[in-house]
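J.: Once you've had a glance at the structure underneath, I'll fire off some questions.
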Amino acid sequence: MQIYLPIAEVSVNAFLLLGLGGMVGILSGMFGVGGGFLMTPLLFFIGIPPVVAVATEANQIVASSFSGVLAHFRRRTVDIKMGLVLQAGGLIGAAFGVLVFNYLKAQGQVDLLVKLCYVVFLGVVGGLMFIESLNAILKSKKSGGAAAARRQRSWIHALPFKMRFRTSGLYISVIPPVLVGISVGILAAIMGVGGGFIMVPAMIYILGMPTKVVIGTSLFQIITVTAFTTMLHATTNYTVDIVLAVLLLIGGVIGAQIGTRIGVYMKAEQLRILLALMVIIVCGTLAMDLLLTPSELFSLGAQGGH
Amino acid sequence: MRFLLIAILLFALPVQAAEEEVVLGLSQDRVAITADFDGSEILIFGAVKRETPIPVTEPLQVIVTVSGPQQPVLVRRKERKFGIWINVDSVLVDSAPTFYAVATSAPFDQVITDTEDLRYRISIKRAIRSVGAAMHIRGAQDFADAVVRVRESEELYSVRENTVAVDQQTLFRTAIDMPADLTEGDYTARIFLTRNGKVVSHYETNIDVRKVGLERFLYSMSREQPFWYGLMSLAIAIAAGWGASAAFRLLRNN
């Protein structure tokens, strides 16, 4: 069944969209990741204009994180104060990101920016994840594997503007969380991702937050920042396609339920290595686009940024 | 069979007119882009009205064009820089139809001469105007050619030779396929009658291509009230996501 997307102005098969949503949903259920960083490039591949893909994906992430946030609030695993500090940074970052996005859109370079960001981030994240999980598998074969001790004191504690975060049991400067928030906000605006794959490691390794509050707090930050990003894209670029978002979302929610169940039967390292491979494949496909001589050197666009 | 009726009616009516004139029918004069829009086919048919006997010279030929709204197009060119392909320069082509189809009753060069083509802007390359294109960029013509090439590959531009059926030099008909990725606006259908490569008569009519229903509502809301559209998108998406996972929770608990 073909469906005409009112904002993207392309006609796409509705089942293809449901299927894509489902597939990414399964992955996010299996690996516990948001999936935005896989969904957005997949949308490029099926012919959705990158500007629409990024804005719509931001909208979809708000929705798919919503029930997760509620669950974490019920379990009291959200550090609200830390979340608010991260959000403050996130909003600044998102506003800056959309500014850059719109400037480059007017210059005709926004597709390049988005794709380059994806190649760099997917390449780095996929590569690191692959090496780390390979090591973990090798190590677990050798011995029982010792847990790495968390660094106790670092440069983080030397910074001013300290604040007490009771839920996380931390007394640290607000500068690092704000910086983390800003960088994640920029990513959300330019790449249409939640940024959990950057924020979660940053919260654990840089801020030293306890693992049990990390997911809930990051979701709390993501939901506000992506909602803000959606509004910015909707009001400046008119590129949020609600029909596309809802179709992806329905597929995604169903997929996530299936994925969670599959995830139970697989070992964590195996899961991670699978995800890493997938990320590397998507990254490679995007990189080819930029590196290989295109069959058509010319592209058509509307006149200037509306 | 409506065109037959029209034709019969015409022959019955004695009207003073030029030698040969077009009388036209369309299977539809509006195309509605709905949520399940998957392209459209428009049947264009008509008859030739004449007071004098059919001339015995060259046979009558018919050209039908359907053109989308004329819009400026910004064409960008990629070049390899630092190992990757990036857009380096651009040319604004003043006016190019978003859709253009030419159907003829014989090979194009046999139905019309070059001068007549130039005058009526019938062939694809003549339908695009780029007079104001920046001349400082080398090969500005390449950019105009690129518009044609890209849109031909997307099946938005096409020349369909020998697809107009002409019967007894009087009745003609053709079907024009329009793809799913249409831009809305006022489309123009033009019909040219030619003899010896000269246009003897032409006729023009409009086809209205519009998004309707939900498509119309969402599109205009996103442009006219972007703030509320954004809020609505968030609310709908949250409701859908939350509803779907709540439904799953219920299913699991039962």
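The values are calculated or read from the model by the stated rules, or taken from the named source; none is laboratory data. What you are looking at is a predicted structure, and each value in this text was computed from that prediction instead of being measured. Every residue, glycine as well, gets a Cβ built from its backbone with ideal geometry; the counts of neighbours run over all protein chains shown.
J.: Look at A:Pro41 and say whether it is surrounded by fewer than 22 Cβ atoms within 10 Å (Cβ to Cβ) and at pLDDT 85 or above.
T.: Working: surrounded by fewer than 22 Cβ atoms within 10 Å (Cβ to Cβ): no; at pLDDT 85 or above: yes.
No; evaluated as a whole, the condition is false for this residue.
J.: Now, a different point. Output the strands (runs of 3 or more DSSP E) that fall wholly within region B:21-125 and possess 1 or more residues being assigned by TED's automatic domain parsing to the domain that holds B:Asn206 and basic (Lys, Arg), or say none.
T.: Details: elements: B:30-33, B:40-50, B:61-67, B:70-81, B:84-97, B:100-104.
Per the criteria, B:30-33, B:40-50, B:70-81.
J.: Going by what's in this entry, would A:Val282 be described as more than 10 Å from every other protein chain (Cβ to nearest Cβ) and not aromatic (Phe, Trp, Tyr)? Can you show your working first?
T.: Values: more than 10 Å from every other protein chain (Cβ to nearest Cβ): yes; not aromatic (Phe, Trp, Tyr): yes.
Judged against the criteria, A:Val282 is a match.
J.: Of all residues in region B:209-254 being of a type in the set (S, T, N, Q) and not in a helix (DSSP H, G or I), which is farthest from the other protein chains (Cβ to nearest Cβ)? Before you say what the answer is, go through the steps one by one.
T.: Taking region B:209-254 and keeping what is of a type in the set (S, T, N, Q), we get B:220, B:222, B:225, B:233, B:245, B:253-254.
Subsequent filtering for residues that are not in a helix (DSSP H, G or I) retains B:225, B:254.
Working: B:Gln225: 10, B:Asn254: 15 Å.
Filtering region B:209-254 for residues that are of a type in the set (S, T, N, Q) and not in a helix (DSSP H, G or I), the one farthest from the other protein chains (Cβ to nearest Cβ) comes out as B:Asn254.
J.: For region B:177-202, give me the residue count where each residue is of a type outside the set (A, V, I, L, M) and in a strand (DSSP E or B).
T.: Residues of region B:177-202 of a type outside the set (A, V, I, L, M): B:177, B:179, B:181, B:183-188, B:190, B:192, B:194-198, B:201-202.
Adding the requirement that they be in a strand (DSSP E or B) leaves B:177, B:185-188, B:190, B:192, B:194-195, B:198, B:201-202.
So the count comes out to 12.
J.: Do any residues in region B:77-95 that are free of Cβ contacts under 8 Å to residues at least 12 places away in the same chain have Cβ atoms under 9 Å from those of residues that are among the β-branched types (Val, Ile, Thr) and part of a strand (DSSP E or B), where the two are at least six apart or on different chains, and which pairs are they?
T.: These pairs meet every condition: B:Lys78/B:Ile86; B:Lys78/B:Val88; B:Glu79/B:Ile86; B:Glu79/B:Val88; B:Arg80/B:Ile86; B:Lys81/B:Val88.
J.: Scanning for something over 30 Å from B:Arg77 (Cβ atoms) and either among the charged types (D, E, K, R) or modelled with pLDDT of 85 or more (or both), does region B:149-158 turn up at least one residue?
T.: no
J.: Among what's in region A:6-33 and is in a loop (DSSP other than H, G, I, E, B) and away from chain B (no Cβ under 12 Å), pick the residue that is surrounded by the fewest Cβ atoms within 10 Å (Cβ to Cβ). Spell out the reasoning first.
T.: Of the residues in region A:6-33, the ones in a loop (DSSP other than H, G, I, E, B) are A:6-9, A:32-33.
Now drop any that are not away from chain B (no Cβ under 12 Å), which leaves A:32-33.
On the way: A:Gly32: 17, A:Val33: 19.
This residue is A:Gly32.
Per-residue answers, yes or no, for (1) crowded, with 19+ Cβ neighbours inside 10 Å; (2) of a type outside the set (A, V, I, L, M, F, W, C); (3) at pLDDT below 85; (4) touching a helix residue (DSSP H, G or I) at 6+ places or on another chain (Cβ under 9 Å):
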| residue | (1), (2), (3), (4) |
| --- | --- |
| A:Gln152 | no, yes, yes, no |
| A:Phe161 | no, no, yes, yes |
| A:Val180 | yes, no, no, yes |
| A:Ala188 | yes, no, no, yes |
| A:Met191 | yes, no, no, yes |
| A:Ile198 | yes, no, yes, yes |
| A:Ile204 | no, no, yes, yes |
| A:Ile222 | yes, no, no, yes |
| A:Phe228 | yes, no, no, yes |
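J.: Same structure again: Can you confirm whether region B:76-92 contains a residue that is of a type in the set (Ser, Thr, Tyr), out of contact with any helix residue (DSSP H, G or I) (no Cβ under 7 Å at 6 or more places or on another chain) and over 24 Å from B:Tyr203 (Cβ atoms)? Spell out the reasoning first.
T.: Our first condition is that a residue be of a type in the set (Ser, Thr, Tyr); within region B:76-92, this holds for B:90.
Now restrict to residues that are out of contact with any helix residue (DSSP H, G or I) (no Cβ under 7 Å at 6 or more places or on another chain): B:90.
Retained after the next criterion (residues that are over 24 Å from B:Tyr203 (Cβ atoms)): B:90.
The answer is yes, given that some residue of region B:76-92 is of a type in the set (Ser, Thr, Tyr), out of contact with any helix residue (DSSP H, G or I) (no Cβ under 7 Å at 6 or more places or on another chain) and over 24 Å from B:Tyr203 (Cβ atoms).
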